[in-house]
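Everything on this sheet refers to the single structure shown next.
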Amino acid sequence: MESFEELLEKSTAIHGHICAGQVIGVRLAMLGLAHIGIDQPRGRDRKKFYVLVEIDRCATDAIQTVTGCSLGKRSLKWLDYGIMAATFVNLEDGRAVRITAREESRELADLYCPEIEDKYRRQLEAYRIMPDHQLFIIQPVKVKVPPEDMPGRPLRRVQCAECGDWVQDGREENRDGRLLCRPCANGRYYEIIA
Ligand SMILES: [Zn+2]
Ligand SMILES: [Zn+2]
């Protein structure tokens, strides 16, 4: 794998700015991959693992850059928990680890780089050098990846009995024998304007 500095440069270019989230995200992803034995995430190991992210913030872009995983390739799954954590799953041997960024590291940053006045710059520099155990909680976990979440062709396509939209990958819901899309079953995020 490339070095931390090389990966940080890459993620900063893709994300659009350097920020504490890029430093945290690059370190978190490198650590996660190491724990599940993935050495060439964008090369020969690219189909051997899967990543779940629990937040859609800066660090998520860094995780995407380092791992090469993406929503479109179905190698990345986003769970809208608002938690700065990600789980790395080795699809071959089942090894998995969930890594959470510690909230306390914000305060600890003051001890590492007290000479930097700006709080955000101080955090950014401190996060480069703080040891893993001060930055992260590392939990070995077990993850069931359902077949309908795996990369590859959709397992099935179903037409919603209510609105007619086609639903892939088993995301339809059965309401008294009628197969509905999730918006028709549970309510939608948009309103159609006539
Ligand atoms: Zn950012
Ligand atoms: Zn529908």
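The values are calculated or read from the model by the stated rules, or taken from the named source; none is laboratory data. Quantities reported herein were computed from a predicted structural model and do not represent experimental measurements. As a convention, Cβ positions derive from the backbone with ideal geometry for all residues, glycine included, and neighbour counts pool all protein chains shown. Surface areas here come from the heavy atoms of the whole protein model, side chains and all, with no ligands, DNA or RNA. Shrake-Rupley method; radii C 1.70, N 1.55, O 1.52, S 1.80 Å.
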Looking at the range 45-61, is at least one residue polar (S, T, N, Q) and more than 14 Å from the chain's Cα centre (by Cα)? no
Failed item, numbered, when residue 4 is tested on (1) open to solvent by 60 Å² or more (accessible area, probe 1.4 Å); (2) more than 16 Å from ligand 1 (Cβ to nearest atom): (1)
For the condition under 20 Å from residue 133 (Cβ atoms), within 16 Å of ligand 1 (Cβ to nearest atom), within 15 Å of the chain's Cα centre (by Cα) and part of a helix (DSSP H, G or I), what is the one hit in 25, 32? 25
Of all residues in the range 7-22, which are open to solvent by 10 Å² or more (accessible area, probe 1.4 Å) and part of a helix (DSSP H, G or I)? 9, 10, 12, 13, 14, 15, 20, 21
Can you tell me which residue within the range 98-111, out of those that are open to solvent by 80 Å² or more (accessible area, probe 1.4 Å) and assigned to a helix (DSSP H, G or I), is farthest from residue 50 (Cα to Cα)? 111
Quick one: would you say residue 92 is among the acidic types (Asp, Glu) and assigned to a loop (DSSP other than H, G, I, E, B)? yes
Please work out which one of (1) within 16 Å of ligand 1 (Cβ to nearest atom); (2) of a type in the set (S, T, N, Q); (3) in a loop (DSSP other than H, G, I, E, B) is the condition residue 65 fails and give its number. (3)
Restricting to the range 23-50, give me the number of residues that are of a type in the set (Asp, Glu) and either open to solvent by 20 Å² or more (accessible area, probe 1.4 Å) or in contact with a Cys (Cβ under 9 Å, 6 or more places away or on another chain) (or both). 1
Residues (open to solvent by 50 Å² or more (accessible area, probe 1.4 Å) and farther than 26 Å from residue 74 by Cβ) located in the range 126-160: 128, 129, 132, 133, 137
Pairs please, first residue from the range 9-22 and more than 6 Å from ligand 1 (Cβ to nearest atom), second anywhere and in a loop (DSSP other than H, G, I, E, B), Cβ atoms under 8 Å, 6+ apart in sequence or on different chains. 10/2; 12/18
Out of (1) under 22 Å from the mean Cα position of the chain (by Cα); (2) among the charged types (D, E, K, R); (3) surrounded by fewer than 18 Cβ atoms within 10 Å (Cβ to Cβ), what's the single condition that is false for residue 165? (1)
Could you list, in sequence order, all residues of the range 152-194 that are at pLDDT 95 or above and either of a type in the set (Val, Ile, Thr) or within 16 Å of ligand 1 (Cβ to nearest atom) (or both)? 158, 167
